[in-house]
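Chemist: Here it is, the structure, as structure tokens.
Values in this text are rule-based calculations from the coordinates and carry no lab data. All values reported here derive from a predicted model rather than from experimental measurement. Reconstructed Cβ throughout: ideal geometry from the backbone, glycine too, with neighbour counts over all protein chains shown.
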Amino acid sequence: MAKRLFVGGLPYTVTDQELKDFFSSVGEVSSATVIVDKYSGQGKGFGFVEYTDDANADKAIQTLNGTEMGGRKIVVNEARPREERPSGGGGYDRRSSGFSGGRGGGKRW
């Protein structure tokens, strides 16, 4: 079974291929993805690496966590499953906040 790792503290210029090459020193990497800003295309400083073998993933956590990549100290740990997010626009809904006043509120002296 494949194990997915979270990698934080990445240089903002690192590519998927560079991430894969770096983690391949431990074992066979099935995928490596750097998370990028959808507007600028610049890396956000974190990504995910997936190993085909769980033992290699565990070894990567042990050997690569705290090492340097591109002058930055990286954090490597097992990725947690993505939490379910509520659908919709998000933000602030005044109707459900218990706030019943209009704009400003209160007297001005």
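Chemist: Taking into account only those residues within the stretch 25-54 that are of a type in the set (Gly, Ala, Ser) and touching a strand residue (DSSP E or B) at 6+ places or on another chain (Cβ under 9 Å), which is nearest to residue 2 (Cα to Cα)?
Modeler: Let us first name the residues in the stretch 25-54 that are of a type in the set (Gly, Ala, Ser), namely 25, 27, 30-32, 40-41, 43, 45, 47.
This time we only want the ones that are touching a strand residue (DSSP E or B) at 6+ places or on another chain (Cβ under 9 Å), so: 27, 30-32, 43, 45, 47.
Details: 27: 12, 30: 8, 31: 10, 32: 13, 43: 24, 45: 23, 47: 16 Å.
Looking at the filtered set, the residue picked out is 30.
Chemist: While we're here: In the stretch 50-79, which residue that is acidic (Asp, Glu) and outside any helix (DSSP H, G or I) is surrounded by the most Cβ atoms within 10 Å (Cβ to Cβ)?
Modeler: 50
Chemist: Next up: When you scan the stretch 24-49, how many residues do you find that are without any contact (Cβ under 8 Å) to a residue 40 or more places away in the chain and in a strand (DSSP E or B)?
Modeler: Going through the stretch 24-49 one residue at a time, the tally reaches 11.
Chemist: Continuing with this model, one more query. Residues being over 20 Å from residue 71 (Cβ atoms), free of Cβ contacts under 8 Å to residues at least 60 places away in the same chain and either touching a strand residue (DSSP E or B) at 6+ places or on another chain (Cβ under 8 Å) or surrounded by 14 or more Cβ atoms within 10 Å (Cβ to Cβ) (or both): count how many of those fall in the stretch 1-23.
Modeler: 1
Chemist: So residue 36 clears everything in (1) exposed (fewer than 13 other Cβ atoms within 10 Å of the Cβ); (2) among the aliphatic types (A, V, I, L, M); (3) closer than 14 Å to residue 13 by Cα except one condition, right? Which one?
Modeler: (1)
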